[in-house]
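Notes follow the structure.
The values are calculated or read from the model by the stated rules, or taken from the named source; none is laboratory data. All figures in this text were calculated on a predicted structure; none of them were measured in a lab. Positions of Cβ are backbone-derived with ideal geometry, glycine not excepted, and every protein chain shown enters the neighbour counts.
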Amino acid sequence: MSSSHTESDIEGYCLATAMRAKGASRHLLALSSDEKNRWLRLSAERIRQNVDSILSANEIDLQQAVHGGLTDAQKDRLKLDHKRILQIAAGIAEVAELPDPVNELLEESIRPSGITVRKVRVPLGVVFFIYESRPNVTADAAAIAVKSGNAIILRGGKEAANSSRAMVEILRDAASEIGIPTDAIQLIETNDRTAVGHLLQLDEFIDLVIPRGGEGLIRRVVSEAKMPVLKHYDGNCHVYVDAAADLSKALQIVENSKCQRMGVCNAMESLVVHQSIASRFLPQLQRHLQPYHIEYRADEKAMTILSDGKMASESDWSKEYLGPIMSVKVVDSLDDAIEHINRYGSKHTDAIVTENPEAARKFQREIDSSAVVLNASTRFNDGGQLGLGAEIGISTDKFHARGPCGLKELTTYKYIVVGDGHIRT
């Protein structure tokens, strides 16, 4: 859109976009799995063939980001390189290998009346997806949406506008070649924030909105949207090192959970340690993590053990740092650990390191999170790692979908009732 557009222009543009997406979603219902898979494979091939043009678009975004006040974590999310682009292509190709959820028979029965009742999986329709500064997510989201029979409206962050546009052009060109309506994949081309507000009112055409970004964005969407919202606010993920933990395992799990990639929602932010092993484990951990220059925000017990910790404030226990800071809490019991995590966690991902099966079962049963992990990194709460293929986001809600959201999470179901002249008496 032109930079001189008026409020009326934006409203009309959003309405037209949503109407086109609704029309495309009806055409998607008639697509075969083979057609969708051919589009995915062709899209992956075209992305591999156009690495240089995607990198050129990304370089424009990166140059503009220098003056845009982005954090290091945001710049890391924005940056593409040859390897990341090939990973994007591989992710799209992997979606083609996943079972098509559309028309899956979930249940079937013959009722005493003689009618046959079938419960089958069907697409949601139109998904409005809002995300910040992550051009790789553009391709992931489009792949999942179309494979699950949904049209998608993409609203990426302005910081990644050129990268996202390059991706969408490739995906739409491939769709045109296969015979898939290009309006099934649309990118909002204006950075005007009012566009989001207009689209959030269009529940007649949009069936679901998924915001993926900062907490402020997500809370705005929840407050304004007239359609259902699939979301998580933040990722305050915990690792609890139990009294019965193997400390060598714990060192590796904490390092990977926190340090493999700090600026993502499934990175560990909060460490909880049982008091019986804290004096042995925490000094080892400090030495182990020294190359990462971690700042520790600790409670009183942890402060007596850590060599350079800072006293934690109340807000530290619930904070998503997205960088080299972690909170450290020493607890007297497993019950205390569970209480602390359920109180301050974001219901995203929480892990326990223990060799005690009873402690493991209690933690897994009582922690209220979308993923509860035993003796492994929090970083495994990811669609690809859990076998869903590419994901469109992680939900901490309890209705419709929870945890990583892939193909099946973008579907609902309907009942097919079959009779032969049957009437109800």
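If you go through the range 251-271 and pick out every residue that is surrounded by fewer than 24 Cβ atoms within 10 Å (Cβ to Cβ), in contact with a strand residue (DSSP E or B) (Cβ under 7 Å, 6 or more places away or on another chain) and of a type in the set (A, V, I, L, M), you end up with 0.
Here P112 meets the list (1) in a loop (DSSP other than H, G, I, E, B); (2) at pLDDT 95 or above; (3) under 19 Å from the mean Cα position of the chain (by Cα) almost entirely, failing just condition (3). Name the single residue, out of those in the range 57-88 being at pLDDT 90 or above, part of a helix (DSSP H, G or I) and of a type in the set (D, E, K, R), that is surrounded by the most Cβ atoms within 10 Å (Cβ to Cβ). Only one residue fits best here, namely D61. Residue count for the range 33-50 satisfying the condition of being farther than 16 Å from G149 by Cα, polar (S, T, N, Q) and more than 24 Å from the chain's Cα centre (by Cα): 2. Is it the case that the range 363-382 has a residue that's surrounded by fewer than 20 Cβ atoms within 10 Å (Cβ to Cβ) and closer than 28 Å to L154 by Cα? Yes, the range 363-382 contains at least one residue that is surrounded by fewer than 20 Cβ atoms within 10 Å (Cβ to Cβ) and closer than 28 Å to L154 by Cα.
Only one of the numbered conditions (1) polar (S, T, N, Q); (2) surrounded by fewer than 19 Cβ atoms within 10 Å (Cβ to Cβ); (3) in contact (Cβ under 8 Å) with a residue 12 or more places away in the chain is not met by S176, and that is (3). The residues of the range 21-32 that are in contact (Cβ under 8 Å) with a residue 24 or more places away in the chain, out of contact with any strand residue (DSSP E or B) (no Cβ under 7 Å at 6 or more places or on another chain) and part of a helix (DSSP H, G or I), listed by number, are G23, H27. If you go through the range 127-162 and keep only what is in contact with a Leu (Cβ under 8 Å, 6 or more places away or on another chain) and of a type in the set (V, I, T), you end up with V127, I130, T138, I144, V146, I153. Considering each residue of the range 128-138 in turn, none proves to be among the small types (G, A, S), farther than 30 Å from R424 by Cβ and not in a loop (DSSP other than H, G, I, E, B).
Among the criteria (1) in contact (Cβ under 8 Å) with a residue 24 or more places away in the chain; (2) polar (S, T, N, Q); (3) out of contact with any helix residue (DSSP H, G or I) (no Cβ under 7 Å at 6 or more places or on another chain), the one S223 does not fulfil is (1).
Just one of the numbered conditions (1) at pLDDT below 85; (2) out of contact with any Pro (no Cβ under 8 Å at 6 or more places or on another chain); (3) not in a loop (DSSP other than H, G, I, E, B); (4) not polar (S, T, N, Q) is not true of I394: (2). Give just the number: which of (1) within 28 Å of N162 (Cβ to Cβ); (2) not in a loop (DSSP other than H, G, I, E, B) does G235 not satisfy? Failing condition for G235: (2). Those residues that are touching an Asp or Glu at 6+ places or on another chain (Cβ under 9 Å) and either in a strand (DSSP E or B) or under 20 Å from I352 (Cβ atoms) (or both), I need them from the range 277-297; list them, please. Across the range 277-297, the qualifying residues are I277, L285, H288, L289, E295, Y296, R297.
Looking at D335, D350, can you tell me which residue is assigned by TED's automatic domain parsing to the domain that holds S270, of a type in the set (D, E) and within 19 Å of N256 (Cα to Cα)?
Details: D335 fails: within 19 Å of N256 (Cα to Cα).
One residue alone meets the criteria, D350.
Yes or no, residue by residue, for (1) buried (at least 18 other Cβ atoms within 10 Å of the Cβ); (2) basic (K, R):
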| position | (1), (2) |
| --- | --- |
| S279 | no, no |
| Q284 | no, no |
| R287 | no, yes |
| Y292 | no, no |
| A298 | yes, no |
| T304 | no, no |
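When the residues of the range 306-322 are filtered to those that are free of Cβ contacts under 8 Å to residues at least 60 places away in the same chain and aliphatic (A, V, I, L, M), the one that is surrounded by the most Cβ atoms within 10 Å (Cβ to Cβ) is A312. Taking every residue in the range 238-260 that is more than 18 Å from T349 (Cα to Cα) and pairing it with any residue that is acidic (D, E) and surrounded by fewer than 19 Cβ atoms within 10 Å (Cβ to Cβ), at least 6 positions away or on another chain, the pairs with Cβ-Cβ distances below 6 Å are A244/E355; D246/E355. Checking each residue in the range 289-305 for being among the β-branched types (V, I, T) and in contact (Cβ under 8 Å) with a residue 12 or more places away in the chain picks out I294, I305. When the range 182-204 is limited to residues that are closer than 21 Å to K147 by Cβ and either assigned to a loop (DSSP other than H, G, I, E, B) or of a type in the set (S, T, N, Q) (or both), the one that is nearest to the chain's Cα centre (by Cα) turns out to be Q186. Count of the range 232-250 residues, restricted to those that are in contact with a helix residue (DSSP H, G or I) (Cβ under 6 Å, 6 or more places away or on another chain), within 23 Å of R402 (Cβ to Cβ) and surrounded by 22 or more Cβ atoms within 10 Å (Cβ to Cβ), is 5. Scan the range 338-370 for residues that are touching a residue at least 40 places away in the same chain (Cβ under 8 Å), under 21 Å from V328 (Cα atoms) and under 18 Å from the mean Cα position of the chain (by Cα) and the total you get is 6.
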